[in-house]
Amino acid sequence: MEERRLFGALTVYRERGAYLRRLEQFEKAKASYDEAFRNVPEDIRTLIGRSQVCTDAVQPIQAYSDAQMALKLEPSNMNARSMQARALYTMSNFERSVVMNCRGARVRRQPPYFVEGIIQGIETIQDCIGVNAGNVMLDFLPLIKKSEVTLADENEPKKTLHVSRIPRPEKKKNLTQMQARKHAILARVLAMKYLGPMANDKFFLQELTEDQRLMSANTGGSIELKKIVSETLCSLTERQEMLRAQRPYYSVKLAEKTESKYQNKYKVNVLIKEREIGAQTVERSLRQIEKSLKAKRVMDVMMYAERLQIFLDLKTPRTLPDKDVYIDRLYRAVGEAYLCQHRVSYTLSERSNRRRIAFLMGLPVGRPKSYDSVLGNYPYKFIDIKKATSKVSATLEMCENSTMRCWLMYELARLLTTQKNYALAKYYAKRCQREAQTISNVTWWLNGLFVLMSGDMQQSNANEVRAQVEEAYEYSKKLQDPEEVQAFLSKCAEMMADQVATDDQKIVEQREKQILDIMEPAKRVETQVLFKRISVLPRGRRFPVLPQGVDFASQKTERRRRRQPGLTVIPGPPRALPPPPKSDTVGFQEFDI
């Protein structure tokens, strides 16, 4: 039962492909031409049509091979020769394309496909190395000479005097914040110059490749989506590179420089207006931050600060000349907001103040969260800690502003303390203090110290906390109103001085875990069940399997020692038995032997 072949399949699929090509549905058109080629591989019209589709779909290699196959079947076919020249132009082989078009133009003048190809190729060559390129070679002459010198030095034999046995990894120089910003802006500008409205599609796909939501529980669908995204982004990138090869960026800039003086004047006015609007927006946001800071609403301060930072990231020193000044003002206010949390409220009780300190320092808080001013206004929201840590560390590597570096190192230390990575958190907190000391900022120095105290209080390092409190007490005298911070520090020292009773249950559970870890897998389950049964019973009736301390309080009363065997419950509180009667005979006593 073989499948019946379609009558006139070659004509059907070939004409369908030509119709879909005119509708610019290149993938379906190519599939139709492939089906026609599968039925009749020697048809010249099919090869020429598929070559045209591949050229339009920016697949020049297959377009060139199809044109070559058509020319082998019919060497005098001018349509195939025209498609071959178009494919060469798409492959950025402009000189060879002009030569092929010149040869075809001698044979056929009309339709003017070859003449248009000659004009297009010559204009592209002029854009690359001709008149339209301007004096780009003269502008970059020092860079060209420098690269020639480095190439000449690389070819010379080098004599190694000493070979180290210790392998050293290659150090890659990280980009500064200015360089990274220039690279990102130039990439966006190039995409918008060459792709036009499709540049927004490219930006969307680039963000989609890094989006965590692309991977879901549906593994097959996620893999297919990632494949579609990568293929589409690769196609857009290749098209941009092809258009850039046909018209380099320096020729575009030269064309922009030759614009009229009225347009240049208009651009200057637009830039001045943009600077004014940007300065007004930043000032308004800073006023909102200062207003929230006076009311001690820390959550509002952080919300406005995030919005302002997003706005400042979109600005460059050209569009916002005072950007560094605004960043300094922003993070000084953020530092004051963090520091104003570390205060003692005189309207609350002693227990509430201790809960406030425990919450701020990362210690366990026994009672549920109330509507306390600090606890309610704390800038807490659900974030992925690992993702936030990587983002902050990547920003810190490129940051150049000192006040912003203090904030980034403080945030990194705080996130690492939350992850119980106290050693690395201490390193970044010390760096924050050094940076704050360099710029003479007392606020960020104290914030870094509070992160250090938080880690040491969580580890119960009482001596370290006491030394830090003494140091901070002297350093806080540089503030305008140091009384609140000093009261907070003294309260922290009092909390660490209190002796916290050890939880016996945690010690028992730790011993149970240690016993289970060293046992064989066959007996581990039975022992675990036995431990659970023991934990249900009262302490007096437990079988002495676990190593426990001696309960001296239970051995004080004589009644407990002499109680009846088998009697599990003794009513009433335990009382001491009356002493045994003494004999009236002088000199005679009864001894308990």
Report the full-extension gain for the segment Met242 to His183: residue separation times 0.36 nm, less the Cα-Cα distance, to one decimal in nm.
19.2 nm
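Under the definition of Cα pairs under 8 Å and six or more residues apart, what whole-number percent is the relative contact order of segment 9-129?
Values: 152 pairs, mean separation 19.5, N = 121.
Across segment 9-129, relative contact order equals 16 percent.
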With only Lys, Arg, Asp and Glu charged, each at its Cβ (+1 for the first two, -1 for the last two), find how big the charge dipole of segment 229-352 is about the Cα centre; round to the nearest 20 debye.
440
Return, for the Cα atoms of segment 263-341, the radius of gyration and Dmax in Å, separated by a comma.
14.5, 53
Would segment 1-72 count as rounded, prolate or oblate if I go by the C-alpha gyration tensor, calling it rounded below 1.5 in a/c and otherwise prolate when a/b exceeds b/c, oblate otherwise?
oblate
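Looking at the P(r) of segment 180-258, how many percent of alpha-carbon pairs lie beyond 23 Å?
When every Cα pair of segment 180-258 is considered, 33 percent fall beyond 23 Å.
Going by a ≥ b ≥ c, the root eigenvalues of the Cα gyration tensor, does segment 351-499 fall in the rounded group (a/c under 1.5), the prolate group (a/b larger than b/c) or the oblate group? If you can, show how the numbers build up before the last one.
Details: a/c = 1.62, a/b = 1.20, b/c = 1.35.
Verdict is oblate for segment 351-499.
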Mind ordering 163-169, 83-89 by average Cβ neighbours within 10 Å, highest first?
83-89, 163-169
Cα principal axis extents for segment 203-299, largest first, Å:
53, 53, 14
Residue-normalised accessible area of segment 9-129, given per residue in Å² at a 1.4 Å probe
54
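Restricting to lysine pairs 8 or more places apart or on different chains, what number in segment 263-341 have Cα atoms under 23 Å apart? Present the calculation step by step, with values, prior to reporting the outcome.
On the way: Lys265/Lys273; Lys265/Lys315; Lys267/Lys315; Lys267/Lys323; Lys273/Lys315; Lys273/Lys323; Lys291/Lys323; Lys315/Lys323.
Summing the qualifying lysine pairs gives 8.
Rounded to the nearest 0.05, what FRET efficiency is calculated for Ala217 and Ile385 with R0 set to 22 Å and r the Cβ-Cβ distance? Write out the running numbers ahead of the final one.
Working: r = 23 Å, r/R0 = 1.03.
About 0.45, to the nearest 0.05.
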Residue by residue through segment 388-394, which ³J(HN,Hα) values in whole Hz follow from phi under the Karplus form 6.51 cos²θ - 1.76 cosθ + 1.60 (θ = phi - 60°), with glycine and proline marked x?
5, 5, 5, 5, 5, 5, 5
Could you order peptides 33-41, 451-459, 408-416 by the average number of other Cβ atoms within 10 Å of their residues, highest first?
408-416, 451-459, 33-41
Dividing the mean separation of Cα pairs under 8 Å (6+ apart) by the residue count of segment 351-499 yields a relative contact order in percent of 20
Ranked order, His183, His342 - accessible area, probe 1.4 Å, largest first
His183, His342
Tell me which of Leu293, Gln341, Leu312 sits at the most positive position along the dipole axis of segment 263-341, charges placed on C-beta atoms (Lys, Arg +1; Asp, Glu -1).
Leu312
Tally Lys/Arg at +1 and Asp/Glu at -1 over every other residue whose Cβ is under 12 Å from the Cβ of Asp313; what's the total?
+3
For q values of 0.15, 0.21 Å⁻¹, compute log₁₀ I(q)/I(0) with the Debye formula on a Cα-only model of segment 9-129, without solvent.
-0.65, -1.12
At 7 Å along Cα-to-Cβ for each site, give me the label-to-label distance between Gln126 and Phe311 in nm.
4.8
The correct ranking of Lys491, Lys257 by accessible area at 1.4 Å, largest first, is Lys257, Lys491
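Compute the FRET efficiency between Glu274 and Leu225 as 1/(1 + (r/R0)^6), taking r as their Cβ-Cβ distance and R0 = 30 Å, and round to the nearest 0.05. Mind dumping the intermediate values first?
On the way: r = 38 Å, r/R0 = 1.27.
For Glu274 and Leu225, the calculated efficiency is 0.20.
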Under 14 Å, Cβ to Cβ, from Thr124 - net charge with Lys/Arg +1 and Asp/Glu -1
0
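When only the heavy atoms of the protein chains count and the probe is 1.4 Å, how do Phe311, Phe488 rank by accessible area, highest first? Working shown, then result.
Numbers: Phe311 55, Phe488 0 Å².
My answer, sorted largest first, is Phe311, Phe488.
Heavy-atom accessible area per residue, segment 387-469, 1.4 Å probe: how many Å²?
Values: 3500 Å² over 83 residues.
I get 42 Å² per residue for segment 387-469.
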Along the Cα→Cβ direction, 7 angstrom out, place labels at Met192 and Ala493. What is the inter-label distance in nm?
5.8
Using a probe of 1.4 angstrom, how much of the accessible area of segment 351-499 is carbon and sulfur, in percent?
50
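Past the 29 Å Cα-Cα mark, which pairs from Lys182/Lys387; Lys386/Lys478; Lys182/Lys261? Display every interim value, and only then the final one.
Details: Lys182/Lys387 25 Å; Lys386/Lys478 36 Å; Lys182/Lys261 27 Å.
Cα-Cα > 29 Å for Lys386/Lys478; rest within.
The values are calculated or read from the model by the stated rules, or taken from the named source; none is laboratory data. A quick note: this is a predicted structure, and the numbers were derived from the prediction, not measured. Cβ coordinates were reconstructed from backbone atoms using ideal geometry, including for glycine residues, and neighbour counts include every protein chain displayed. Only protein heavy atoms, including side chains, enter the accessible area calculation; ligands, DNA and RNA are left aside. Shrake-Rupley method; radii C 1.70, N 1.55, O 1.52, S 1.80 Å.
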